[in-house]
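The values are calculated or read from the model by the stated rules, or taken from the named source; none is laboratory data. Because the structure is predicted, anything quoted here is derived from the model rather than measured. Backbone-built Cβ (ideal geometry, glycine too); neighbour counts: all protein chains shown. Accessible surface areas use protein heavy atoms only, side chains included; no ligands, DNA or RNA. Shrake-Rupley method; radii C 1.70, N 1.55, O 1.52, S 1.80 Å.
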Amino acid sequence: MNLQAQPSSSGQGQYRILREADLRDYLAGLPPVAAQLGGVPAGWSISEVGDGNLNLVFIVKGTSGGIAVKQALPYVRLVGESWPLPLSRAHYEHLALVHQARLTPKLVPAILHHDNPLALTAMELLEPHIIMRKGLIGGIAYPRFVEDISTFMAQTLFFSSDLALSAAEKKEGIADFAGNHALCKITEDLIFTDPYRVAEQSRWTAPWLDTIAAAFREDLELHVAISRLKLKFMASPEALIHGDLHTGSIMVTVTETKVIDPEFAFYGPMGFDIGAVIGNLIMAYLASAGHERSPGDRAAFEAWLLETIEGVWTEFSRKFLALWRSEGKGDGYPVSLFTGEAGAARLETERQAYLARLFQDTVGFAAAKTIRRILGLAHNLDFEAIADEKLRAICEARSLRLARTMMLDTPSFTTIGAVTRAAREARGWQPDFAR
């Protein structure tokens, strides 16, 4: 699977950070994009709306339509120029979007233009979509989400794995993304290392979580568990993963789902993507108490969240297995070794065992994603939007307690129902500082 199609370039020079006037002139020089916007460039509205940690994001609207424009900065936006970051991440994001669009075209934004020297991509403007995390904070249920996200993950993961590809195709794919190691390094540090040691940029809701944060830094069993997950992340190129598949990288309406921002994409463990989705839904569930206007007013929404957590895994595993049964032509598990009725039965047993192992990875990575969002650098708005700091800390402490159990006692979580039962129990637990 060679994804090294060269991205289009405008030929308009070397990298520079585009501001409103620069972007207007730049887009005016792209006839297809200018035609989609319509009207004269002077009349286009341009607003910078990026609220993420890394990039500039512009919304541009003309008389005929609108587009979104994303430009990578040569540093981490959240921190500033003291943390440089290669612009090549825009190239890898473009490659990932090409892969995802080939397999799930309705679930990712359409690419309109890509400029490699400028680290810039113009794409479909998603309206009236909103970032899913913001909708969940508002208590909005999304009935299409399970169907869409399970399809996205099953298709993109299966068809970039050894179950579907020849060994040569898989190795070519790994090579295509091998240079995205700077983004991998961010994950390796911020998710798998910094929350468990003294790190200058880590933070938490003090003073309420001071004791818990200190305990996590001293917990050697937890350090072993997270290090095993880190090694899995670094050394298991199972499939082309999105690499940052949380509810802030998904835009939704009640009838449509779009996955965005795959700049962390590389060949890694499938459970990292699945765990990221499930972990963020768990955090949304355990943060929900902090967004109540009156006791119990979000009970129906919280029940939907638990059903959604279960549905994500159930539907993903069903679709993934169906693909393996019908499209399992890769060099992993060669079909020639499993001929006849007995061979087919044995292979089916092995498929179930494979999914069981994948579920264990999913549980561990969900826990890791939870811990980093509470004790690390970049936090989730699910918690941060809770104005009462003590109430926020209570919700976060519940999440940390559940995550620690999921990471240290992963084998006890053999079904997704066990995860949601534990989440329900965590919802009613009170930390010492709340009593």
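Points to keep in mind about this one:
- Some residue of the range 291-303 being surrounded by 14 or more Cβ atoms within 10 Å (Cβ to Cβ), touching a residue at least 60 places away in the same chain (Cβ under 8 Å), in contact with a His (Cβ under 8 Å, 6 or more places away or on another chain) and not small (G, A, S): yes
- Verdict on L231 being open to solvent by 20 Å² or more (accessible area, probe 1.4 Å), within 24 Å of D273 (Cβ to Cβ) and modelled with pLDDT of 95 or more: yes
- Conditions (1) open to solvent by less than 20 Å² (accessible area, probe 1.4 Å); (2) not in a helix (DSSP H, G or I): number failed by D176: (2)
- Single residue of G66, G50, G29 found to be at pLDDT 95 or above, open to solvent by less than 70 Å² (accessible area, probe 1.4 Å) and touching a strand residue (DSSP E or B) at 6+ places or on another chain (Cβ under 9 Å): G66
- Filtering the range 203-218 for residues that are open to solvent by 60 Å² or more (accessible area, probe 1.4 Å) and under 20 Å from the mean Cα position of the chain (by Cα) leaves an empty set.
- Residue check for S236: farther than 19 Å from A403 by Cβ and surrounded by fewer than 23 Cβ atoms within 10 Å (Cβ to Cβ): yes
- Scanning the range 391-406 for residues that are buried (at least 24 other Cβ atoms within 10 Å of the Cβ) and of a type in the set (V, I, T) yields nothing.
- Number of residues in the range 158-173 that are in a helix (DSSP H, G or I), surrounded by fewer than 20 Cβ atoms within 10 Å (Cβ to Cβ) and either in contact with a Phe, Trp or Tyr (Cβ under 6 Å, 6 or more places away or on another chain) or polar (S, T, N, Q) (or both): the value is 0.
- Looking only at residues of the range 241-261 that are surrounded by fewer than 24 Cβ atoms within 10 Å (Cβ to Cβ) and either of a type in the set (D, E) or under 8 Å from the mean Cα position of the chain (by Cα) (or both), we find that the one that is farthest from I282 (Cα to Cα) is E256.
- Subset tally (residues that are outside any helix (DSSP H, G or I) and of a type in the set (F, W, Y)) for the range 395-434: 2
- Of the listed requirements (1) under 30 Å from A168 (Cβ atoms); (2) more than 22 Å from the chain's Cα centre (by Cα); (3) assigned to a helix (DSSP H, G or I), L355 misses just one: (2).
- Hits in the range 49-73 (condition: more than 17 Å from S249 (Cβ to Cβ), β-branched (V, I, T) and part of a strand (DSSP E or B)): I59, V60, I67, V69
- All of D409, D388, D361 fail the test of being modelled with pLDDT of 95 or more and surrounded by 14 or more Cβ atoms within 10 Å (Cβ to Cβ), apart from D361.
- Among the residues making up the range 254-273, those that are among the β-branched types (V, I, T) and out of contact with any Asp or Glu (no Cβ under 9 Å at 6 or more places or on another chain) are V254, T255, I260.
- Candidates V60, V40, filtered to the one that is open to solvent by 60 Å² or more (accessible area, probe 1.4 Å) and either touching a Leu at 6+ places or on another chain (Cβ under 6 Å) or modelled with pLDDT of 95 or more (or both): V40
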